[in-house]
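Down below is the structure, laid out as structure tokens.
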Amino acid sequence: MKYTFTFDYQDEKKFREVLSRLSEDEYTVVEDIHPVPVKGDEDPRYVDRQTILDMDPEAALTFRLGMKFVKIRRERTEEELAEEKEINDRNTIKVTVHVPMGDPTAGK
């Protein structure tokens, strides 16, 4: 299974330490560690890092146990993504507010 790992730039060393605990036959690097693209002026040296690894779920568990702050997201099929969106949409309340246009100086 492919997993996307996202972690703070300061935790890259810790990520590599945890990765070194696994044997090389337990994972395959799909995308090497790289900065996560951000909008704005943030210095790319200080943004989160991300990598994609193909590994067994048990190996991914090693990162959950070995790193305090790491986001792990399993690659999902189109059907799984659609189901996830449907669940999120069912549990989301949308509110539309209409404000009547009037004299902006009224009430002063």
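Any read-out appearing in this document is the output of simple, stated calculations on the displayed coordinates, not a laboratory observation. Since this is a predicted model, take the numbers as computed values, not measurements. Using ideal geometry, Cβ is built from the backbone for each residue, glycine included, and neighbour counts are taken over all protein chains shown.
The set of residues from the stretch 79-94 being in a loop (DSSP other than H, G, I, E, B) and among the charged types (D, E, K, R) comprises just one member, LYS94. In a residue-by-residue description of the stretch 30-43, the property of being basic (Lys, Arg) and touching a strand residue (DSSP E or B) at 6+ places or on another chain (Cβ under 9 Å) applies to no position.
For the residues LEU81, LEU61, LEU53, the requirement of being under 18 Å from SER20 (Cα atoms) and without any contact (Cβ under 8 Å) to a residue 24 or more places away in the chain singles out LEU61. Any residue in the stretch 24-37 that is under 16 Å from LYS71 (Cβ atoms) and assigned to a loop (DSSP other than H, G, I, E, B)? Yes, there is a match, as at least one residue in the stretch 24-37 is under 16 Å from LYS71 (Cβ atoms) and assigned to a loop (DSSP other than H, G, I, E, B). Looking only at residues of the stretch 41-69 that are among the aliphatic types (A, V, I, L, M) and in a helix (DSSP H, G or I), we find that the one that is nearest to the chain's Cα centre (by Cα) is ALA60.
If you filter the stretch 33-51 down to residues that are of a type in the set (Asp, Glu) and more than 19 Å from ARG74 (Cβ to Cβ), you find that the one that is surrounded by the fewest Cβ atoms within 10 Å (Cβ to Cβ) is ASP41. Looking only at residues in the stretch 2-23 that are part of a helix (DSSP H, G or I) and either among the aromatic types (Phe, Trp, Tyr) or in contact with an Asp or Glu (Cβ under 6 Å, 6 or more places away or on another chain) (or both), the one that is surrounded by the fewest Cβ atoms within 10 Å (Cβ to Cβ) is TYR9.
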